[in-house]
Amino acid sequence: MARPIVGIIGNMNLINDEYPVHAGGTMNSAAVAQVAGCMPLLIPTDPRLVSVEELLAACDGFLLTGGRPNVHPEEYGEAATEAHGAFDRCRDAITLPLVRACVERGQPFFGICRGFQEVNVALGGTLYPEIRDLPGRMNHRMPPDGTLEEKFALRHAVRFSDGGVFHRLFGAAEVMTNTLHGQGIKTAGKRIVVDGWAPDGTPEALYVEGAPGFTLSVQWHPEWNAAGDPVSRPLFEAFGAAVREWAECPTRQARLKSA
């Protein structure tokens, strides 16, 4: 039986600072294939190349990946400053309406880091440009030096709402995670439920209230060691189960037969 398809949101990149590519981390593909049990498909996030409608029809679920560029602050009504960093307006033009469409349809998505922030912005939320500049906040950014293992090492706890979605998924009220982000949620969007926090109060886990499909999103990077980490694995397994359920639903099958 063919595996359900997970569209992995790609990022624009330059090879040798001159050759443009749409890129995706291999650890994202490995987590989707080996833990979620789905077929990874890298999406070129550019509205000149693909449309949201085509993506919804072609894929069963979506992995909203991390990425160096940030969501442009104009998407949440603020002016860009140097602190906001680099942007990818083409990705914004695909992912933000894609999130809203998935919420409406019940089509599953899993947001990671920038993807977590995209979900919040798509539903009307705002972001801080630099968490570490806020009083009382820790530095959540990736360590500048060291091996990949050191950069993705577990660095702080995340506590969840007692009896909430993430508490039930992990069977624990608190877990340890890595942290590699500069921005974070300022105000939560409509229907966004923040369900996990870092020790300094930074939102780390969310879902969309009342959404008929899988909408879990996290600020950390569970794709790192997804098969072996006791926190990462349940997330990708739950996401994979939701994608398979969507792929097997009669309405989805009827659409495929009529296409």
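The values are calculated or read from the model by the stated rules, or taken from the named source; none is laboratory data. Values in this document were obtained by computation on a predicted structure and should not be read as measured data. Methodologically, a virtual Cβ is constructed for each residue, glycine included, from the backbone with ideal geometry; neighbour enumeration extends over all protein chains shown. The accessibility values were calculated without ligands, DNA or RNA, using every heavy atom of the protein model including side chains. Shrake-Rupley method; radii C 1.70, N 1.55, O 1.52, S 1.80 Å.
For the stretch 1-47, what are the residues that are in contact with a Cys (Cβ under 7 Å, 6 or more places away or on another chain) and closer than 24 Å to Gly228 by Cα?
The answer is Arg3, Pro4, Ile5, Val6, Gly7, Val32, Leu41.
Could you give me the residue pairs with C-beta distances under 6 Å whose first residue belongs to the stretch 33-53 and is open to solvent by 30 Å² or more (accessible area, probe 1.4 Å), whose second residue is part of a loop (DSSP other than H, G, I, E, B) wherever it lies, and which are 6+ apart or on separate chains?
Final answer for the pair search is Gln34/Ala227; Met39/Arg3; Leu42/Gly10; Leu42/Gly24; Pro44/Gly10.
Is it true that Arg244 is assigned to a helix (DSSP H, G or I), over 17 Å from the mean Cα position of the chain (by Cα) and touching a residue at least 24 places away in the same chain (Cβ under 8 Å)?
When the stated conditions are applied, Arg244 passes them.
Give me the residue from the stretch 59-81 that is charged (D, E, K, R) and modelled with pLDDT of 95 or more and, out of that set, farthest from Asn28 (Cα to Cα).
Across the stretch 59-81, the extreme among qualifying residues is Glu74.
Give, as residue ranges, the strands (runs of 3 or more DSSP E) completely inside the stretch 2-72 that count at least 2 residues that are under 23 Å from Gly106 (Cα atoms).
5-9, 39-43, 61-64
When only residues in the stretch 125-176 that are aliphatic (A, V, I, L, M) and assigned to a loop (DSSP other than H, G, I, E, B) count, which is most open to solvent (accessible area, probe 1.4 Å)?
So, considering only residues that are aliphatic (A, V, I, L, M) and assigned to a loop (DSSP other than H, G, I, E, B), the one most open to solvent (accessible area, probe 1.4 Å) is Leu154.
How many residues are among the hydroxyl-bearing types (Ser, Thr, Tyr) and either under 18 Å from the mean Cα position of the chain (by Cα) or closer than 28 Å to Glu82 by Cα (or both) when one looks only at the stretch 148-172?
Summing the residues that are among the hydroxyl-bearing types (Ser, Thr, Tyr) and either under 18 Å from the mean Cα position of the chain (by Cα) or closer than 28 Å to Glu82 by Cα (or both) in the stretch 148-172 gives 0.
Take the residues in the stretch 196-214 that are assigned to a loop (DSSP other than H, G, I, E, B), of a type in the set (Gly, Ala, Ser) and closer than 21 Å to Val243 by Cβ, then tell me which one is most open to solvent (accessible area, probe 1.4 Å).
Applying the filter and picking the extreme gives Gly210.
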